[in-house]
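Structure first, then comments.
The values are calculated or read from the model by the stated rules, or taken from the named source; none is laboratory data. Everything quoted here is computed from the prediction, not taken from an experiment. Positions of Cβ are backbone-derived with ideal geometry, glycine not excepted, and every protein chain shown enters the neighbour counts.
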Amino acid sequence: MRRVFDLWRRFGAVPASGVPDDELLHRFARNRDPDAFAALLNRHGPLVYGACRRLLPDPLDVEDAFQAAFLVLVRRAEALRGRPVGPWLHRVAVLTARSLRRRNAVRFANASALVEVAARPSAPDARLDVDAALSALPRKYREPVILCHLQGWTRRELADHLGCPESTAASLVARGLAKLRHRLAGCDPAVVLAVAGSAVVPPTLTAAAVRAAIVYATSFSDAAVPPAVAALTNGVLRMVRLKKLAAVSTVLVAVLALGAGLVGWPAPSARAQPGQPNVPASDRAKVERELEAAKRRVEELEAERKRLAEAEQNATPRLLIEVGGGPSPRIVVTEFKAGGKAVGTIETTSLEMLGRFLARSRNDTAGPKTLSVRVDERCPQAVLKEFVATVKAAGFDPLPFTVVDAVSGPAPVELGAKSLPPYVIEPPDMLSVEVVVKRKDPKNPVTVPLPVQPISGPFQVRPDGTVGLGYWGNVALSGRTLDEAVGVIRSHVAGSGALKNLGIGADALAVIVDVVAYNSKRYYVILGGGDAGDQVIALPVTGSDTVLDALANSQIAQVAIKPGTEISLARMEKGSKEWKILPVDWVALTQHGITHTNYQLVPGDRIHVKPKK
């Protein structure tokens, strides 16, 4: 049976339900399987949601903490090899909820007393303390209690997991409950845990958490999730790292103490005294070397701890606002932490939503206090004035930025994309041409096909620039726009003798011309930097293509773009005889959602992708 399960798993045919946590984590890490992560959410979501709901009074904060806890799981999945996921997630949920509660207490200092009253009713309620009591238990008791009383494991299942007799597993649970009863001031822990384990996760929250986890795992970018959830996730991850550093430091200090004791032994004399340890010189030298290595490691860890603490303390959060063009421009707000790292992005076309977001950031004691703005040159002045008024009303007054003329400069980018000039037909474009006759009956306005031979279907532009219309002859369309082509075809067909004999003039003809395949307007992706033997891929220009669209093409996506890869765009500007080289910041595009170098492509562009040697 196990062999059959392995075969099913190899071919991806094993359903997510009933699969162990380790296998689900492996599926998600390997294939980004949404069903696997959804199964983890369904299995452990009530545990996490219940802990967050008990510790946070605001339902919106509960949802943020819930998503953040599972995003921490996405980042720390490798640390759970062989460990049950449920108890670990409960600990992360408690850390996340406490972190958010502390942040809210600082943010709303004047209302902290009200928040605390709302969080803890005056009547003693042991349910509110159950998470703190569980967190205080030693791990060997905490995990069995959570598994059996919050996640429904049987003693037999716990024994199989621990690899011990069922009586031993039952004893661990009983001891854990006894310690929990003491911490809950005599309340029956079984009753308290039964109430605590009855949380139901809203389906919409589960779906949102799965989507956020998929995007977060594939992009490795904080911009993939809401800023509040991203900031909360990063804070918990920092706490986990600092706790790990502290644990390692404690172990090394113990090693230092042990080494100091060994080194402090007196050297052996020619005749060993009774009761005096006889330590060989080679062993003492080995201990001294290990002691020096441990000292250096402790110094490195201490320096790392100080660096992290200073970076957290001296962080200067800021905002970057990019305003697009047009009467209802897209507004993208990116939040940056210390070191220029982007931690979240929002996109909107509503100035009202922008104002609410900026007001929250301004009132957040740990939030950004400075911002910079880039505005597309095509943004109307009336819209720009409303934008400036919105920013001032949010509390950024006097305005701490200078509005610049353009975000894109001479090369249009994603936020400042421009419509290309009218398309000019050239060989070997593929056109769709249809010509019909409009009847003059006002009560029944219909169209009928051309007599003799209809014109309807795809037509390719020949190398000489003409299109063959069968019975109606050839018509020259190269160098003309689509509107011009309509007029040329109408005049050409109306001038034929067959229509003149039937009394059908040019006004009675309806002509439709469109491009089916843009074969003549291309850009090129050169893989390898342009050396001999490199691969060159030609792709059609459709009007809205950007650098990121080009590199996402199925022919190119098979080539892994690794850190250090140099990407640039070569463009021949109109009226110039020299190529202009525009650098592309791949990390900013893919990891931070910053679009300054996501240039809009025009015919003839060359994208050079040169791997780092």
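Would you mind listing the strands (runs of 3 or more DSSP E) fully within the range 436-533 where at least 1 residues are under 30 Å from residue 609 (Cβ atoms) and either in contact (Cβ under 8 Å) with a residue 12 or more places away in the chain or over 47 Å from the mean Cα position of the chain (by Cα) (or both)?
Details: elements: 447-449, 455-460, 466-468, 474-476, 509-517, 522-527.
Fully inside the range 436-533 and qualifying: 509-517, 522-527.
Using the structure shown, decide if residue 68 is modelled with pLDDT under 80, within 27 Å of residue 204 (Cα to Cα) and crowded, with 18+ Cβ neighbours inside 10 Å. Before you say what the answer is, go through the steps one by one.
On the way: modelled with pLDDT under 80: no; within 27 Å of residue 204 (Cα to Cα): yes; crowded, with 18+ Cβ neighbours inside 10 Å: yes.
No; evaluated as a whole, the condition is false for this residue.
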Next on the checklist: Consider the range 327-346. How many of its residues are modelled with pLDDT of 65 or more and either closer than 24 Å to residue 105 by Cβ or loosely packed, with under 14 Cβ neighbours inside 10 Å (or both)?
Outcome noted: 3
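Taking the range 550-563, which residues are modelled with pLDDT of 75 or more, over 21 Å from residue 522 (Cβ atoms) and out of contact with any Leu (no Cβ under 8 Å at 6 or more places or on another chain)?
First pass over the range 550-563, keeping only residues modelled with pLDDT of 75 or more: 550-553, 561-562.
The next check asks that each one be over 21 Å from residue 522 (Cβ atoms); those that pass are 561-562.
Passing the criteria: only 562.
Condition first: out of contact with any Asp or Glu (no Cβ under 9 Å at 6 or more places or on another chain) and closer than 17 Å to residue 460 by Cβ. Now tell me which residues in the range 475-487 satisfy that. Before the answer, list the steps.
Residues of the range 475-487 out of contact with any Asp or Glu (no Cβ under 9 Å at 6 or more places or on another chain): 475, 480-481, 483-487.
Within the range 475-487, 475, 480, 485 qualify.
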Checklist entry - Are there any pairs, at least 6 apart or on different chains, whose C-beta atoms fall under 8 Å, with the first in the range 144-168 and at positive phi and the second surrounded by 13 or more Cβ atoms within 10 Å (Cβ to Cβ), and if so, which? => result 152/197
Item to check | Enumeration of residues in the range 25-52 that are crowded, with 21+ Cβ neighbours inside 10 Å and basic (Lys, Arg) | outcome: 27
